[in-house]
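Below is one structure, written out as structure tokens; comments come after it.
The values are calculated or read from the model by the stated rules, or taken from the named source; none is laboratory data. Note that the structure is a prediction, hence the values are computed from the model and not measured. For neighbour counting, all protein chains shown are included, and Cβ atoms are generated from backbone atoms with ideal geometry for every residue, glycine included. Protein only, heavy atoms only, side chains kept; ligands, DNA and RNA dropped before computing areas. Shrake-Rupley method; radii C 1.70, N 1.55, O 1.52, S 1.80 Å.
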Amino acid sequence: MAMALIGNLTAMFHYEAQSGGDNMSIESNISIITKAPPAIQPVLPEYLTQTMFICDNLLMPLICCLGIVGNGLSLCVLTRREMAAATTCFLTAMAVSDLLLLILQVPIFFELNAGIAATNSFKIFIRFYTVIR
């Protein structure tokens, strides 16, 4: 299909050149053929935008804060001397990894706040934070 289109275009150009056509007609033909259609922006329904707002701005920070508190309390309990066992070591490692993951998510919540995200110090912080993350 593409080869047929290229063949038709070259035949059209050769015909224009032989018939004494000016270069403007060839250029106008090329511009008509190669124009890209305008980009279509999808319009999201209202319920979907509200759901995204609730999840991004309310639920995720709440879950993250509760996770930080819960994993911190787990670390307090699991690191006691009485809790020295192999299973406790694995649970402690999992609590530490979960806690670090949740702490790394906190700057993203500040990025959603337009007032904080507009400051130069936050822009510099986020630039280095994305490298670390």
Could you please let me know if L101 is part of a helix (DSSP H, G or I), aliphatic (A, V, I, L, M), open to solvent by 80 Å² or more (accessible area, probe 1.4 Å) and under 24 Å from F53 (Cβ atoms)? yes
Scanning the range 39-84 for residues that are in a helix (DSSP H, G or I) and hydroxyl-bearing (S, T, Y), the one farthest from the chain's Cα centre (by Cα) turns out to be S74
Could you please give the count of residues in the range 77-95 that are open to solvent by less than 60 Å² (accessible area, probe 1.4 Å) and touching a residue at least 12 places away in the same chain (Cβ under 8 Å)? 3
Which pairs turn up if I take residues in the range 45-61 that are at positive phi and look for partners that are not polar (S, T, N, Q) with beta carbon separation below 6 Å, at least 6 apart in sequence or on another chain? none
Within the set of pairs 6+ apart or on separate chains, which have a first residue in the range 96-119 that is more than 20 Å from L58 (Cβ to Cβ), a second that is open to solvent by less than 60 Å² (accessible area, probe 1.4 Å) and among the polar types (S, T, N, Q), and C-beta atoms under 9 Å apart? V96/N71; D98/N71; D98/S74; L99/N71; L99/S74
